[in-house]
Amino acid sequence: AQSVSQHNHHVILSEAASLELGCNYSYGGTVNLFWYVQYPGQHLQLLLKYFSGDPLVKGIKGFEAEFIKSKFSFNLRKPSVQWSDTAEYFCAVNAGVAYSSASKIIFGSGTRLSIRP
Amino acid sequence: GAVVSQHPSWVICKSGTSVKIECRSLDFQATTMFWYRQFPKQSLMLMATSNEGSKATYEQGVEKDKFLINHASLTLSTLTVTSAHPEDSSFYICSARDFLLAGRYNEQFFGPGTRLTVL
């Protein structure tokens, strides 16, 4: 069965610091990988997604993620964070076959990011 | 495009009553819909998957008789929490997928969530 691990439960950074949030998944086959953000009191938003091709994926709001197949990792990065990046970040994986009714997105436990002004 | 709505956005009910939450895909036909549950400061846990016209498939540990899911049309799925109790208080989020829109990314589109409080 597919699973996702986010080892950083709470990350505190100052503005302008660089960010890297870890995400590891367990599944041996082809996967779809996602990062979502949930701002306080708001609903889930998609930051970026990966299926294949260039392992460095660029998303919205200056975020990017790198897929490293050998490490089963899909870490999220941002060179310089802002106070407005304070939110909960979720890594997610879909290990089902595309176009299959059995495929589903499973979420990691989430990382709370707090940015000090 | 790919907008999913939920109604109501929040609901408060008394213990023992049943509550129905609607999930609609507004601008596409959702062949598959999903229901997730999120406790405060925790992650989203998948409760069940439903395909239009079929019975829902529940994840391990989710009570089928407690959480009734109906996916009667390609744009509407409902989650009914029967005989709700305070421990059912949570944030319920639905998502929808259309194979054409999802493409190779197998993407699901998420609704804004419904906050249920059971007194």
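From the P(r) of the protein assembly as shown, can you give the percent of Cα pairs sitting at distances over 32 Å? Of the Cα pairs, 20 percent sit more than 32 Å apart. Calculated FRET efficiency, residue B:29 and residue A:45, Cβ-Cβ r, R0 35 Å, to nearest 0.05? Approximately 0.95, to the nearest 0.05. In plain terms, the residue of A:90, A:72 with the fewest other Cβ atoms within 10 Å comes first and the most crowded comes last, giving A:72, A:90.
Around the amide H of residue A:15, modelled in the peptide plane, lie the amide H atoms of A:116, all under 5 Å away and 5 or more residues distant in sequence or on another chain. Arranged from fewest to most other beta-carbon atoms within 10 Å of their beta carbon, B:90, A:14 become A:14, B:90.
Per the Cα gyration tensor, region A:1-115 maps to an equivalent ellipsoid with semi-axes of 24, 14, 13 Å, ordered largest to smallest. Averaged over peptide B:106-114, the number of partner chain Cβ atoms lying within 10 Å of each residue's Cβ comes to 6.
Translational diffusion of chain B was estimated from the Stokes-Einstein equation, with Rh taken as the Kirkwood radius over Cα pairs; at 20 °C and 1.002 mPa s the coefficient is 151 µm²/s. The slack in the chain from residue B:87 to residue B:72, taken as 0.36 nm per residue of separation less the alpha-carbon distance, amounts to 2.6 nm.
Per residue, the convex hull spanned by the Cα atoms of region B:1-58 amounts to 125 cubic angstrom. Counting only other chain Cβ atoms within 10 Å of each residue's Cβ, the peptide A:41-50 averages 3.
Computed 3J(HN,Hα) for region B:64-69, one whole-Hz value per residue from the Karplus formula 6.51 cos²θ - 1.76 cosθ + 1.60 where θ = phi - 60°, is 5, 6, 8, 10, 8, 10, glycine and proline marked x.
Rounded to the nearest 0.05, the FRET efficiency derived from the C-beta distance between residue B:59 and residue B:5 at R0 = 25 Å is 0.60.
Lysine pair count for chain A with Cα-Cα distance under 19 Å and sequence separation of 8 or more or different chains is 9. Sort B:47, B:33 so the one with the fewest other Cβ atoms within 10 Å of its own Cβ comes first. Placing the least packed residue first, the sequence is B:47, B:33. For residue A:109, nonlocal amide neighbours, meaning residues 5 or more places apart or on other chains whose placed amide H falls under 5 Å from its own, are A:6. Rounded to the nearest Hz, the phi-derived 3J(HN,Hα) couplings of region A:30-45 under the Karplus curve 6.51 cos²θ - 1.76 cosθ + 1.60 (θ = phi - 60°) are 6, 10, 9, 10, 9, 10, 10, 10, 10, 6, x, x, 10, 8, 5, 10, where x marks glycine and proline.
With springs connecting C-alpha atoms under 10 Å apart, model chain A as a Gaussian network and identify which of A:65, A:92, A:16 has the largest mean-square fluctuation. Of A:65, A:92, A:16, the most mobile in the Gaussian network model is A:16. Helical content alone sets the calculated 222 nm signal of the protein assembly as shown at 0 deg cm²/dmol, taking -39,500 (n - 2.57) per DSSP H segment of four or more residues and averaging over every residue. Tell me, how many Å apart are the Cα centres for region B:57-119 and for region A:44-117? When both Cα centres are located, 22 Å separates them. Remark: region B:30-46, residue by residue, has Karplus-estimated 3J(HN,Hα) of 9, 5, 9, 10, 10, 10, 10, 10, 10, 7, x, 6, 10, 8, 7, 10, 5 Hz, where x stands for each Gly or Pro and the curve is 6.51 cos²θ - 1.76 cosθ + 1.60 at θ = phi - 60°. The mean count of C-beta atoms from other chains within 10 Å of the C-beta of residues in B:46-59, rounded to a whole number, is 1. Amide H contacts of residue A:104: A:95, A:96, each under 5 Å away and 5 or more positions distant or on a separate chain (H built 1.01 Å from N in the peptide plane; Pro and chain starts excluded). Note on chain B: with a GNM built from Cα contacts shorter than 10 Å, the maximum mean-square fluctuation among B:17, B:80, B:32 falls on B:17.
Every number here is computed from the coordinates shown, using simple stated rules; none is lab data. Bear in mind the structure is a predicted one, so any value in this text is a computation, not a measurement. Virtual Cβ from ideal backbone geometry, glycine too; neighbours counted across all protein chains shown.
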